[in-house]
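Have a look at the structure below, then the notes.
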Amino acid sequence: MFDKILVANRGEIACRVLKTARRMGIKTVAVYSDADRDALHVRMADEAVHIGASPSAQSYLLKDRIIQACLDTGAQAVHPGYGFLSENSGFCEALAAAGIVFIGPNTRAIEAMGDKITSKKLADEAGVNTIPGFADVLRDAEHAVEAANQIGYPVMLKASAGGGGKGMRIARNDAECRDGFARAANEARSSFGDDRILVEKFIEEPRHIEIQVMADSHGNVVYLNERECSLQRRHQKVIEEAPSPFLDKATRKQMGEQAVTLAKAVDYQSAGTVEFIVDPKRNFYFLEMNTRLQVEHPVTELTTGLDLVEMMIRVAAGEKLPISQADVRIDGWAIESRVYAEDPFRNFLPSIGRLVYYRPPAEDEHVRVDTGVFEGGEVSMFYDPMIAKLITRGDSRDEAIAHMRSALDRFIIRGVSCNLAFLSALMAHPRFVDGNISTNMIGDEYPDGFSPEDLPHEDPAIIISVAASIVRRYRDRAACIEGQLRGHERTVPSDWVVVMNQEQHPVSVVPTDGGCDVVYEGRTLAVRSAWDFGQHLFSGTINGKEIHVQLERRNQVYRLSRGGSQSDILILTPRAARLMRHMPVKAPPDTSKHLISPMPGLLVSVAVAEGQEVKAGEELAVLEAMKMENTLRAERNGTVAKIHFQPGASLEVGDTIMEFE
């Protein structure tokens, strides 16, 4: 076994690997860029080595500096995590030349499976089901159109060396094919340094189901069941679960055996994932093989009882797999939600900044949190916007969902926008609860994007009663410490008006032992909680039912969040509420004649010129942030009056890119 390993990655996956290595008694080395000097993975490791500037191309993608860090610290092996150099055969060869073990598959497997074109040919030869498509690299956009017409629309354009949803576009006609080829190639070049694009048939209403395999260097290969990864946005997985609610035992066995066959065909060793597209009739087709640890591996761990990172380390050290196929089990159900620094109410634009307040839910037998950030840390513009992975386990799927909904309510993030509301909405969506999902579900259910209207309160009385009880606590405290004169003690009235969504709700609030009784619309809600002043989470019960409500106090306004729903609430006396009806409403500023940068990023291109007429929907500019290209389009017809920034400019949120007449 190794005495010391280096983790060639950052963020939550670096922390995840470090935890297992520590438990195994192995010393660890972290590497870091300028932006990650104070990162959590740096704090967790026994040693840390600086390897370069903030951009990944100048740090985490530099093979020589990582190998030198191994030599300087005496690290005998490298775990690459996922992304960066995890599927780089040149890195593996360089490590081997330096006498350092790569904790992952061999070079042949990486090269064969890392290229989508080669892997598809190998899958065909091995007898694995494959998707109809064009069997070679596309030369240019016109070649893409020609191939797409031969296959038949819709088609999927994707980077040969791609992954993580980057370098992928769906095209349903020639125009979309040309545009998709250009966008996919640009993203692939930026993310992987390889702009080769292939095209294949796009399966309608597909499910994305993958098989986890584990192999050693002694010829033993097992499959560790499947993961359902169908809930995706822009080809990026959002929620994963194990097992799949769609597969039956026979299909699981067939998919698993084909995955093992493919792994054996390339003499695979270590952890790997064979991804399949599954149609509504359970026909499945090989998509690709990821020769690394997957982001969603925790759901497999929680349902099999295995530590995949430990198995990877032991296999790399030459040990045999500790299990056979007969030992693999499915114990319960697990669900993973990816928590990202992005604003779901602004078309999921990336968000960067300081985590002013960060409190994930406590971990226990039902909840696991894999994270790489901490309170006071920065979410950088240079890397993936993932904050954490929230994983829950239950004896059944319904139980796992219930634990996830509760855990999302208890996950508090302040300082950057995040997608917790969106995740909560998906957890409560009838299609997800029923298991009736596909890779199209998010696009089908939210065709115009995600908005607050998509999150109606399960019961507005819960938020109203919690807000009323909190304000009563504040008023009672104020009455005890302000303006006291003997014989003229202040009393707090019971009747109040809760103003929520511009609607007024009269309530009566009476303090009791352990909380308050709130009378609302003829109902008495017994609110009981140990909540104290200044706490961001109100946990307790209402009429005996457990609840968790997040709370922010902004002067006299209270922002309460539960189940993804968020409401700004004002509590007034009845007289103040009557007077409020006469207050004028301030109109927001008119920004319709400005194209404003919605996020920090690099201005990749400007598609128009001053004096040019544009129509609604026409491309105006492309902004790159967190390794993704975002196309900014005209919201209405107009004429470009002035362009303030040119391609190559670094923009901040709110910068005016151009003005219109």
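Distance from the Cα centre of region 248-307 to that of region 501-528, in angstrom?
The two parts, judged by their Cα centres, are 52 Å apart.
When Rg is the radius of gyration of the Cα atoms in region 333-455 and Rh is its Kirkwood radius, what does Rg/Rh come to?
Dividing the radius of gyration by the Kirkwood radius yields 0.96.
Let's see if you can work this out: charge +1 on each Lys and Arg Cβ, -1 on each Asp and Glu Cβ, no other charges. What is the dipole magnitude of the chain about its Cα centre, in debye to the nearest 20?
Using Cβ point charges on Lys, Arg, Asp and Glu, the chain gives about 1360 debye.
Give me the net charge of E142's neighbourhood, meaning all other residues with Cβ under 11 Å from the Cβ of E142; Lys, Arg count +1, Asp, Glu -1.
Overall, the nearby charge balance is -1.
Under the 0.36 nm per residue contour assumption, what length would be gained going from the current alpha-carbon distance of Q535 and S650 to full extension?
Contour length minus the Cα-Cα distance gives 37.6 nm.
Scan region 494-580 for GluC sites (Glu not before Pro) in coil per DSSP, keeping those whose Cβ has at most 14 other Cβ atoms within 10 Å, and list them by number.
Loop-located and lightly packed - E521.
What residues qualify as long-range amide H neighbours of L620, i.e. H under 5 Å apart, gap of 5 or more or another chain, H built at 1.01 Å from N?
L632, R633, A634
Rounded to whole Hz and in sequence order, give me ³J(HN,Hα) for region 612-624 from the Karplus expression 6.51 cos²θ - 1.76 cosθ + 1.60, θ = phi - 60°, writing x for Gly and Pro.
Karplus-based 3J(HN,Hα) across region 612-624 equals 7, 7, 10, 10, 4, x, 6, 5, 10, 7, 10, 10, 9 Hz.
Along the principal axes of its C-alpha atoms, what lengths does region 99-196 span, in descending order and rounded to whole Å?
50, 33, 20
For the residues T291, T303, T392, T20, what sequence is obtained by ranking on other C-beta atoms within 10 Å, fewest first?
Ranked by crowding around the Cβ, least crowded first: T20, T303, T291, T392.
Can you tell me the 0 to 90 degree angle between the C-alpha axis of helix 397-409 and the longest principal axis of the chain, rounded to 10?
60
Using Cα pairs under 8 angstrom and six or more residues apart, how large is the relative contact order of the chain, in percent?
Dividing the mean separation by the residue count of the chain yields 9 percent.
Where does helix 249-265 land angle-wise versus the long Cα axis of the chain, in degrees 0 to 90, nearest 10?
Roughly 50 degrees, rounded to the nearest 10.
Read phi for every residue in region 296-307 and hand back ³J(HN,Hα) as whole Hz from Karplus 6.51 cos²θ - 1.76 cosθ + 1.60, θ = phi - 60°, with x for Gly and Pro.
Calculated HN-Hα couplings, in order: 8, 4, x, 5, 5, 4, 6, 9, 10, x, 9, 9 Hz.
Can you return the lysines within cross-link range of K116? Criterion is Cα-Cα under 16 Å, with same-chain partners fewer than 8 residues away left out.
K158, K166, K201
Taking every alpha carbon pair in region 501-609, what does the distance histogram look like in 10 angstrom bins from 0, in percent?
Percent of pairs per bin, in order: 10, 29, 28, 15, 12, 5, 1.
With r as the distance between the Cβ atoms of D179 and D267 and R0 = 56 Å, compute the FRET efficiency 1/(1 + (r/R0)^6) and round to 0.05.
0.90
Enter the mean projected area of the convex hull around the alpha-carbon atoms of the chain, in nm², rounded to one decimal.
That works out to 33.2 nm².
Under 5 Å between amide H atoms, partner at least 5 residues away or on a different chain: which partners does M599 have, H built in plane at 1.01 Å?
G654
For the pair Y153 and S396, how long in nm is the line joining their label points, each one 7 Å along Cα→Cβ?
It is 4.5 nm.
For N129, what residues show an amide H to amide H distance below 5 Å, using hydrogens built from the backbone and excluding near sequence neighbours?
F286
Looking at the calculated P(r) for region 4-103, what percent of the C-alpha pair distances fall above 24 Å?
Roughly 9 percent, rounded to a whole number.
Near S351, within a Cβ-to-Cβ distance under 10 Å, what is the net charge of the other residues, with Lys and Arg +1 and Asp and Glu -1?
That sum, taken over residues with Cβ under 10 Å, equals -1.
List the trypsin sites (Lys or Arg not before Pro) within region 563-661 that DSSP assigns to loop and that have no more than 12 neighbouring Cβ atoms inside 10 Å.
Qualifying residues, ordered by number: R581, K586, K615, R636.
If I stretch the segment between D194 and N555 completely, what's the gain in nm (0.36 nm per residue apart, minus their alpha carbon distance), one decimal?
The D194-N555 span can extend by a further 124.8 nm.
Between Q502 and Q254, what is the spin-label point distance in nm, taking each point 7 Å from the Cα along the Cα→C-beta axis?
It is 5.6 nm.
Residue by residue, what Karplus-based ³J(HN,Hα) values in Hz, rounded to whole numbers, does region 233-239 have, using 6.51, -1.76 and 1.60 with θ = phi - 60° and x for Gly and Pro?
Values per residue, Gly and Pro as x: 10, 6, 6, 9, 4, 10, 9 Hz.
Output the Kirkwood hydrodynamic radius of region 594-660, Cα pairs only, in Å rounded to one decimal.
Here the Kirkwood hydrodynamic radius works out to 11.7 Å.
What net charge is computed for the residues neighbouring K63, neighbours being all others with C-beta under 14 Å from the C-beta of K63, Lys and Arg scored +1, Asp and Glu -1?
Computed value for this residue: -2.
Taken together, the values in this text are just the output of simple stated rules run on the coordinates, not laboratory data. Only a predicted model underlies this, so the values are computations on that prediction, with no experimental measurement involved. Backbone-built Cβ (ideal geometry, glycine too); neighbour counts: all protein chains shown.
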